[in-house]
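Here the structure comes first, spelled out in structure tokens, and everything after it is commentary.
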Amino acid sequence: MHLLTISDKEFHALQEIMYRVSGVRLLPTKKALMVARLRKRLKELGLGSFEEYLELIRQPASGELELFVNAITTNETFFYRHPEQFYFLMNKIFPYCLERKKNDASPELRVWSAACATGEEPYSLAIACQEFFKMHPKWNIIIYATDINSAVLDFAKEAVYAERSMVGLSPYLRGEYFERLAEEPDYKRGRFRLRKEKIPPVTFLHHNLLNPFPYLGMDIIFLRNVMIYYDKPAKQKVTSLVEKNLVPGGFLLISMTETLQDIHTNLRYIQSGSGVYQKG
Ligand SMILES: C[S@@+](CC[C@H](N)C(=O)[O-])C[C@H]1O[C@@H](n2cnc3c(N)ncnc32)[C@H](O)[C@@H]1O
């Protein structure tokens, strides 16, 4: 069988394209994984070499750049990932927002899940908002969810999930917000449909974090497990941009294993190891 091989020069060219487009640095240790994913794509396209594939990506009219990015991004996620942060959200951040806007006639909570992958994170936020704000029906909850990968956004809009996405959910949340699919086409059978009618709406948008996001005034931004793929300049750029989307007093949550220590920012670390920052 003929195996498509990639030269160092071709791998380097693909690395550079991915970095320029998304800020993601593909490490040499990820080469085998990347090549395996792309071989599939080359087969679908009927291409015989990575040289031909590079030519195709470089033609804007081909639309292949978007599919290349889709094939290469890592989209690992699940509901209620880093549960300590959801605990902090329910017990500190939401009460803080409630107090701050208690005199508003039509109070609004604006939330952004930046790099939302297949939707588990923004839907977890929507569920948490529902649980907290159900006692406060005056509140209007607005949730944006964005990603550079257009395929994961399509998946997210369907809101149908496999068991492995559900492991972090309590029996109560499963029962309240999900239904098991039984009478469905094969690929959906045994999966769980999120009952979107029970939670605030989530608006999914295609967005690259290297560009400014036009929706401002966010109270809460989740930017978790994405900057782990960035080098310092890309991390600096994304942090500086995202910071502008927060209201003064608003919160940025990165994951609990990340830090902004090496970055210039006016955000204040709330508590060591929590991944929670606040705009002064
Ligand atoms: C590992 S997932 C994180 C999902 C979720 N935030 C979580 O913590 O579970 C990383 C996501 O970042 C997205 N991503 C990478 N670079 C991006 C960029 N420049 N702009 C927007 N999204 C990006 C990827 O497509 C992927 O879906």
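The values are calculated or read from the model by the stated rules, or taken from the named source; none is laboratory data. For clarity, every value in this text was computed on a predicted model and none was experimentally measured. Ideal geometry is used to build each Cβ from the backbone, glycine not excepted, and the neighbour counts take in all protein chains shown.
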Task: Single unsatisfied condition, PHE78 versus (1) near the ligand (Cβ under 9 Å from one of its atoms); (2) outside the structural domain of PHE222 (by TED's automatic domain parsing); (3) buried (at least 20 other Cβ atoms within 10 Å of the Cβ) - done: (3)
- [ ] Just give me the residues in the stretch 36-53 being within 28 Å of THR146 (Cβ to Cβ) and crowded, with 18+ Cβ neighbours inside 10 Å, in sequence order.
- [x] LEU38, TYR53
- [ ] Would you be able to tell me the number of residues in the stretch 118-162 that are out of contact with any Phe, Trp or Tyr (no Cβ under 9 Å at 6 or more places or on another chain), in contact (Cβ under 8 Å) with a residue 40 or more places away in the chain and not in a helix (DSSP H, G or I)?
- [x] 2
Task: Residue count for the stretch 105-125, restricted to those that are more than 14 Å from the ligand (Cβ to nearest atom) and more than 20 Å from LEU246 (Cα to Cα) - done: 1
TODO: Specify the residue that is nearest to LYS134 (Cα to Cα); the eligible residues are those in the stretch 45-103 that are part of a helix (DSSP H, G or I) and among the β-branched types (Val, Ile, Thr).
DONE: ILE93
Task: Selection status of ALA128, assigned by TED's automatic domain parsing to the domain that holds GLY249, within 16 Å of the ligand (Cβ to nearest atom), touching a strand residue (DSSP E or B) at 6+ places or on another chain (Cβ under 9 Å) and over 18 Å from ARG193 (Cβ atoms) - done: no
